[in-house]
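To start, the structure itself, in structure tokens.
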Amino acid sequence: MKKIEAIIPQSRLESVFEALKELNLGGLTYYDSKGRGQIPTPEIQSGRGTSTYRPEFNVNATIVLIVKDSIVDKAVDKIINSTSTGLAGEGKIFVSEVSDAIDIGSNTRGESAI
């Protein structure tokens, strides 16, 4: 099993959800996150448009899903294809090994728990 963590612009969250539905995943978790990368954040007009400021962090969404080894590449491709425009600063995807998963309600372990 693998854990996929994708940090993407919050505006592209719905398109990722729609793309991942095609894989019939058991579920996923997402949360709002803020971060700073190599590209500076854009200036934003404040108040009545009389001044601008540059926020320190970008507003992102982080998606976390645990998948079987056999569909890791498909899930990563779905995320990339639904978020990427080819520009720098569009986020990151991290894939790591999961040694075990346990469903608390049924006490099921391993791949059947996901």
Report the label-to-label distance for T108 and M1 in nanometres (one decimal), using points 7 Å from each Cα along the Cα→Cβ vector. 1.1 nm
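For K21 and E97, calculate 0.36 nm times their separation in residues minus their Cα-Cα distance, and state this gained length in nm to one decimal. Write down the numbers at each step before the final one.
Numbers: separation 76, 0.36 × 76 = 27.36 nm, distance 2.25 nm.
Working it through step by step, the gained length comes to 25.1 nm.
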Leading residue at positive end of dipole, the chain (Cβ point charges), from Q10, N58, Q45: Q45
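Please go through the stretch 13-83 and write out the trypsin sites (Lys or Arg not before Pro) that DSSP classes as loop and that have at most 13 other C-beta atoms within 10 Å.
Numbers: sites: K21, K34, R36, R48, K68, K74, K78; in loops: R36, R48, K68.
In loop regions of the stretch 13-83 (DSSP not H, G, I, E or B), the sparsely surrounded trypsin sites (Lys or Arg not before Pro) are R36, R48, K68.
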Kindly identify the chain as rounded, prolate or oblate by the Cα gyration tensor criterion: order the square roots of the eigenvalues as a ≥ b ≥ c, call it rounded if a/c is under 1.5, otherwise compare a/b with b/c, prolate if a/b is larger, else oblate. prolate
How far apart, in nm, are the 7 Å Cα→Cβ label points at Q10 and K74? 3.2 nm
Would you mind classifying the stretch 7-63 by shape? Square roots of the alpha carbon gyration tensor eigenvalues, ordered a ≥ b ≥ c; an a/c under 1.5 is rounded, otherwise it is prolate if a/b is larger than b/c and oblate if not. prolate
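Only the coordinates and a few stated rules stand behind these numbers; no lab work does. Keep in mind that this is a model prediction, so the values were computed, not measured. Every residue, glycine as well, gets a Cβ built from its backbone with ideal geometry; the counts of neighbours run over all protein chains shown.
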